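A short worksheet on the structure shown next.
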Amino acid sequence: MKLSSDQATRYARHVLLDEVGARGQLRLLGTSVEVRGEGAAAEEAVRYLVAAGVGEIVVGADLRQLYSETWADLNPEVRVKSGGECRHRLELGPSDSRLQGAQAALKVLVAVGVKGEA
Amino acid sequence: MTDRSHTRALVVGAGGLGCPVLLGLAEAGVGRIRLVDDDRVELSNLQRQVLYGVSDVGRLKVEASRDRLERRFPDLSLEVEATRLDATNVSRVLDGVDVVIDATDDPQARFTINDQAVAQGVPAVLGGVIRFEGVIMGVQPGKGPCFRCLFEGPPEPGEVMTCAGAGVLGAMAGLVGHLQVQRALGLLGDRPDEAAGYITTVDGLRGTTRDVPVPAREGCTACAQRTASSFHFMTPSTQENSMSVAIKIPTSLRRFVGGNDQIEVAGQNVREALDGLEAAHPGIKAKICDAQGNLRRFINVYADQEDIRFLDNLETPLGEGAELQIVPAIAGG
Ligand SMILES: [Zn+2]
């Protein structure tokens, strides 16, 4: 597996990181994350996962209805679904902040992109 | 919820930090936001600049953010300007705001914002992110340390690490941007003291943040400007005799002046003093000024503790015994 030239451009800031590189980016593209929660924190986490190219994301139906267009524009190659099994799971409560959402997304990106989890 | 509908925030930069900062401020109910940025959206931005999409590629970031934010926050009054903030426009851009957030990836701009915010008494939140690291610092002008108390100046050209060169993990920008929002709301709130006086460092790999207290530095040129600004006066430049001026040479330039840290020259203004320096040590002026003879972007020159960019630049008059300090700009990103 190799990154396409479009992917190499889109994810250039990840590929530049020695700790991530093309291999880490390919792992991100091949993984799946379920984001539980309907509030701003969950929305924020999904934004960053979509931007980072996490291949498949499962979210609640409400969130998906509100933002699927935005996410598809941000990164058309990510599939956002409202059901299915995932390798990773984030839970964010309705009172959690966007800060916590970004933090939760960061954790997954580090686990998969840097530490080599599938 | 606190009513922030009349709060005016200035956001400088609509990139990796700007996106979460704008979303966070708007969601917190900040009613008026001024946004300044001259960049256009590129495909490589979309890995972390989550306010945009493929349909925005090629557009000005300020226009794309306006569209996105107006749709989502109809009550928000957003004023955008497709300009790059620099020493020539910073005082106008800062005019009338309650808080400024530095969301640029330009270390020089960070210092420009810091210095002018301190001078104009505008609370500021400085921030930077690169690789897996971030820093955030809240500044209360005239009370406690500023960003320049911590770092004397921006990096030298070539020393600057940027996201474009070193990479950045996407969600790091989100984390740092939202921490900046939190700090800004703190500065605007009832206990602003708790939001300033320290720098927060973020370690994304470990998932930790650390608050490190920063002492106010005696001799900080930005803070000095604050205390001096109320009775600012010019030295008359009418005398015929040349003034003796001491030029303080930074470490990085000392090899051009035989290793000295200070050179005495004659001159009635900054330009004459620099010409005197060049006459004594040929070749050094090219390190300070560009081919057109203007001050290089990453070099700051202070005449008796004041940035000459805020005075008359190279024409700033110098009195007898004046001290000229050359400060090459330090890192950020
Ligand atoms: Zn200071």
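A compact table of results
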{"read-out": "Those residues of region B:139-193 which are more than 14 Å from chain A (Cβ to nearest Cβ), of a type in the set (A, V, I, L, M) and in contact with a Phe, Trp or Tyr (Cβ under 7 Å, 6 or more places away or on another chain), in sequence order", "value": "B:VAL139"}
{"read-out": "Conditions (1) without any contact (Cβ under 8 Å) to a residue 60 or more places away in the chain; (2) within 14 Å of the ligand (Cβ to nearest atom): number failed by B:GLY167", "value": "(2)"}
{"read-out": "Leading residue by the ranking (farthest from the other protein chains (Cβ to nearest Cβ)) among those in region B:194-207 that are under 21 Å from A:ALA45 (Cβ atoms) and part of a loop (DSSP other than H, G, I, E, B)", "value": "B:ARG206"}
{"read-out": "Output for region B:177-220, where each listed residue is open to solvent by 70 Å² or more (accessible area, probe 1.4 Å), touching a strand residue (DSSP E or B) at 6+ places or on another chain (Cβ under 6 Å) and within 16 Å of the ligand (Cβ to nearest atom)", "value": "B:PRO213"}
{"read-out": "Selection from region B:45-78 of residues that are within 10 Å of chain A (Cβ to nearest Cβ), open to solvent by 30 Å² or more (accessible area, probe 1.4 Å) and within 17 Å of B:LEU17 (Cα to Cα)", "value": "B:ARG68"}
{"read-out": "Where A:GLU85 falls short, out of the listed (1) open to solvent by 20 Å² or more (accessible area, probe 1.4 Å); (2) within 24 Å of B:ILE130 (Cβ to Cβ); (3) more than 10 Å from every other protein chain (Cβ to nearest Cβ)", "value": "(2)"}
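Let's see how each residue does on (1) assigned to a loop (DSSP other than H, G, I, E, B); (2) more than 16 Å from the ligand (Cβ to nearest atom); (3) assigned by TED's automatic domain parsing to the domain that holds B:GLY186:
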| residue | (1), (2), (3) |
| --- | --- |
| B:VAL125 | no, no, yes |
| B:ILE130 | no, yes, yes |
| B:VAL139 | no, no, yes |
| B:PRO154 | yes, no, yes |
| B:LEU175 | no, yes, yes |
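The values are calculated or read from the model by the stated rules, or taken from the named source; none is laboratory data. Note that the structure is predicted; figures quoted are calculated from it, not measured. No Cβ is skipped: glycine too gets one built from the backbone with ideal geometry, and neighbour counts run over all protein chains shown. The protein model used for the area step is the full one, side chains on, heavy atoms only, and it has no ligands, DNA or RNA in it. Shrake-Rupley method; radii C 1.70, N 1.55, O 1.52, S 1.80 Å.
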